[in-house]
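Below you'll find the structure, written out as structure tokens, and then a few comments.
What follows is calculated from the coordinates using simple rules that are stated; it is not laboratory data. Remember, predicted model here, so these are calculated numbers, not experimental data. When we count neighbours, we look across all protein chains shown, and the Cβ atoms used for this are built from the backbone with ideal geometry, even at glycine.
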Amino acid sequence: MLSSSPLPAGAQRGCFADLILANATIYTADPARPFAGAIAVRAGRVLRVGTYDSLKEFKGRDTYELNLSGNVVLPGFIDSHVHLIDGGLQLARVPLRGVRSKAEFISRVKGAVRDKHPGEWVRGGGWNNDFWGGDLPTAAWLDDISPDNPVWLSRMDGHMGLANSLAMKIAGIDKNTNDPVGGTIVRTTEREPTGLLVDAAMKLVFDVVREDSVNERREALLRASKHALMRGVTTVVDVGSYFPGTSEEQTWQDFSDVYVWAHSMGKMMIRVCLFFPMPTWPRVSDLIHERGRSLSRWIHLGGVKAFLDGSLGSSSAWFYEPYVDAPSNYGLQLLDMDVLLNATLESDKSGLQVAIHAIGDKANDMLLDMFDKVVSLNGTKDRRLRIEHAQHLSPGAAKRFGEHGIIASVQPDHLLDDADSAGKKIGVERAERSSYLFRSLLAGGAHLAFGSDWPVSDIYPLQAIRTAMSRKLPGWDEPWISAERLPLDDSLKAHTISAAYACFLDHVVGSLVEGKYADFVVLPSTSWREFAGDIPGHVLATYVNGKQAYP
């Protein structure tokens with residue numbers, strides 16, 4: 001009688017792995033097991049993390065084994081704040097990011113105009129006047145090169161844009177046009193519009209610019225998703241196409257016409273957690289009640305978002321003290337606090353997560369005060385209130401985040417745009433006391449979640465991690481506010497497990513532990529020491545659901 005060998009445990013349970021990563025340097029973002037050498041994946045989820053020997057039982061005839069020769073593996077990056085479809089659209093428009101002179105600015109627009117028929121809109125964005133000395137562009141820069149084409153070019157922060165004279169004519173903007181509430185038409189001393197529109201004033205152009213078609217927005221989602229995967233991003237929090245001056249309806253159209261379409265057609269490539277404009281909170285609440293928070297493994301419903309102020313670069317962030325270069329300007333308050341409080345209370349009662357944009361020190365303090373009221377009136381619960389950006393904080397404000405476990409959803413690469421200009425706008429002492437206080441926020445008990453605000457900054461987690469650790473601009477010898485630098489572990493967590501916590505997805509993504517989705521990136525670094533000493537600028541491969549999604 002022939003004796004039979006016992007079957008491997010994996011075979012006995014009928015769960016051989018689809019994939020085993022072997023001989024890797026795996027950072028799990030799990031405090032119970034920070035590092036491992038191998039991962040087994042089955043049906044898109046992590047089956048086990050550990051040593052290769054502990055996983056061999058899951059190796060079957062059809063298991064694909066990938067020997068990484070020591071390469072570093074990280075959980076898939078989570079970008080906590082993007083405008084995903086707008087980022088995809090921007091990839092196909094006039095690229096003005098990084099332009100460093102008036103001549104280059106004009107040249108890029110001129111090139112785009114050549115490809116347009118008369119009457120077609122020319123759109124672009126990403127310009128930062130601080131890169132060429134601070135002078136703001138005007139319609140006069142554009143009028144000679146675009147006499148037959150309306151032009152609209154958004155500043156890198158999304159809170160200011162430039163229209164040429166034809167665009168202003170179409171929008172009905174002239175010296176007699178009043179500033180809308182929450183916005184500014186920048187003018188000459190003779191009250192003639194210069195072409196620059198700030199915050200809610202941008203709606204004057206948005207109302208007349210040709211809208212992107214559904215097909216264009218669908219293509220933008222696919223383009224944006226591929227770009228994210230190239231950078232190692234597997235999950236994003238999409239705060240929608242909702243800026244001061246824009247329609248609340250666009251985000252909803254993107255949900256129904258773009259995201260639902262992509263999901264039904266099997267075209268989703270990355271996971272998204274969607275936030276909707278706060279004034280539409282009843283619709284969000286009804287949608288979640290009807291369909292649940294997770295429509296699928298790809299699409300999650302997060303909550304609602306609002307704006308309290310503008311941005312530093314557009315001189316519309318709301319401060320206690322005036323701007324040094326404009327002594328009568330304290331920034332813009334975009335919402336009445338009573339209106340915001342009531343909407344937040346109702347959203348919170350409905351179980352929606354609330355995220356509110358605040359950049360200036362006064363805006364952040366007003367939000368912290370308001371969140372105190374929300375907790376007092378609605379009671380204690382796991383609500384994970386979010387402040388988006390939290391860039392400039394008054395003394396003591398960083399500690400207040402910890403009182404209610406508030407999420408500080410921050411963008412390290414905005415630091416690269418502001419370090420040179422902040423001192424000029426609000427004074428060196430104020431800037432160095434208040435700006436991008438990442439370490440202070442963590443010490444105060446805040447939950448730190450990293451993002452990019454793409455297309456304001458590029459979606460680029462490895463660079464954001466480098467920036468948070470070094471706080472150095474290219475060419476700088478010394479860090480900007482060195483005491484606020486973060487160590488590697490905190491920076492990695494802010495783009496992985498803490499970012500997952502910040503959007504209530506920490507049960508399925510953010511770390512490499514059993515049962516979670518097998519989303520991870522492979523880096524060119526071949527040891528942890530090499531990685532920690534020199535953060536690479538690119539990923540070798542990105543995996544979603546245990547399958548290679550890039551390259």
* Return one number: the angle in degrees, 0 to 90 and rounded to the nearest 10, between the long axis of the Cα atoms of helix 281-291 and the longest principal axis of the Cα atoms of the chain. => 20
* For region 390-497, compute Rh as the Kirkwood radius over C-alpha pairs and then the Stokes-Einstein diffusion coefficient at 10 °C and 1.306 mPa s; write the answer in µm²/s, rounded to an integer. => 114
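Find the Rg to Rh ratio for region 239-307, where Rh is the Kirkwood radius over alpha-carbon pairs and Rg uses the same atoms.
Working: Rg = 11.7 Å, Rh = 12.3 Å.
Here the Rg-to-Rh quotient is 0.95.
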* Asked: If we count every other residue with Cβ under 13 angstrom of residue 394's Cβ, Lys/Arg +1 and Asp/Glu -1, where does the sum land?
  -> +1
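Based on the alpha carbons, how large is the Rg to Rh ratio for region 322-430 when Rh follows Kirkwood?
Values: Rg = 15.1 Å, Rh = 15.0 Å.
Rounded to two decimals, Rg/Rh equals 1.00.
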* Asked: Rounded to the nearest 20 Debye, what is the dipole magnitude of the chain about its Cα centre when Lys and Arg each give +1 and Asp and Glu each give -1 at the C-beta?
  -> 1560
* To do: Take the alpha-carbon centre of region 161-179, take the same for region 314-388, and report the distance between them in whole Å.
  => 31
* Structure fact -> Summing -39500 (n - 2.57) over every DSSP H run of at least 4 in the chain, dividing by its residue total and rounding to the nearest 500, the 222 nm mean residue ellipticity is -8000 deg cm²/dmol
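Nearest-5 percent of antiparallel DSSP beta bridges in the chain?
45
For region 34-137, give the magnitude of the charge dipole about the Cα centre (Cβ charges: +1 Lys/Arg, -1 Asp/Glu; no others), in debye to the nearest 20.
Numbers: 15 positive and 11 negative charges, 47 e Å.
Using only the charged Cβ atoms, the result is roughly 220 debye.
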* To do: With no solvent and one equal point scatterer placed on each C-alpha of the chain, evaluate the Debye formula and give log10 I(q)/I(0) for q = 0.06, 0.12, 0.13 Å⁻¹, two decimals.
  => -0.30, -1.17, -1.35
* At 37 °C and 0.692 mPa s, what whole-number value in µm²/s does Stokes-Einstein give for the translational diffusion of region 8-142, with Rh from the Kirkwood sum over Cα pairs? -> 168
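Can you flag which of 102/175; 349/373; 373/399 are past 19 Å Cα-Cα?
Numbers: 102/175 25 Å; 349/373 13 Å; 373/399 17 Å.
Exceeds cut-off: 102/175.
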* To do: With 5 Å bins from zero, work out the P(r) of region 346-398 over every alpha carbon pair and list the percent per bin.
  => 4, 20, 31, 22, 15, 8, 1
* For every other residue with a beta carbon closer than 12 angstrom to the beta carbon of residue 191, add +1 if it is Lys or Arg and -1 if Asp or Glu, then tell me the sum. => -2
* Structure fact -> If unit charges are put on Cβ atoms (+1 for Lys and Arg, -1 for Asp and Glu) and the dipole of the chain is taken about its Cα centre, the option from 523, 496, 366 lying farthest towards the positive end turns out to be 523
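Let me check I've understood the local charge: for residue 85, count other residues with C-beta under 11 angstrom from its C-beta, Lys and Arg +1, Asp and Glu -1. What total comes out? It would help to have the intermediate numbers written out before the result.
Numbers: positive: 217, 218, 223; negative: 86, 212, 216, 219, 238, 254, 257.
Once all neighbours under 11 Å are counted, the net charge is -4.
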* Structure fact -> In whole percent, the Cα-Cα distances of region 170-316 spread across 5 Å bins from 0 upward as 2, 8, 15, 18, 16, 15, 11, 7, 5, 2, 1, 0
* Cα long-axis angle, helix 102-114 against the chain (0 to 90 degrees, to the nearest 10) -> 80
* Just from the alpha-carbon atoms, what are the Rg and Dmax of region 67-131 in angstroms? -> 17.9, 57
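What is the calculated FRET efficiency for residue 267 to residue 115, with r their C-beta to C-beta distance and R₀ = 22 Å, to the nearest 0.05?
Working: r = 28 Å, r/R0 = 1.26.
FRET efficiency, residue 267 to residue 115: 0.20.
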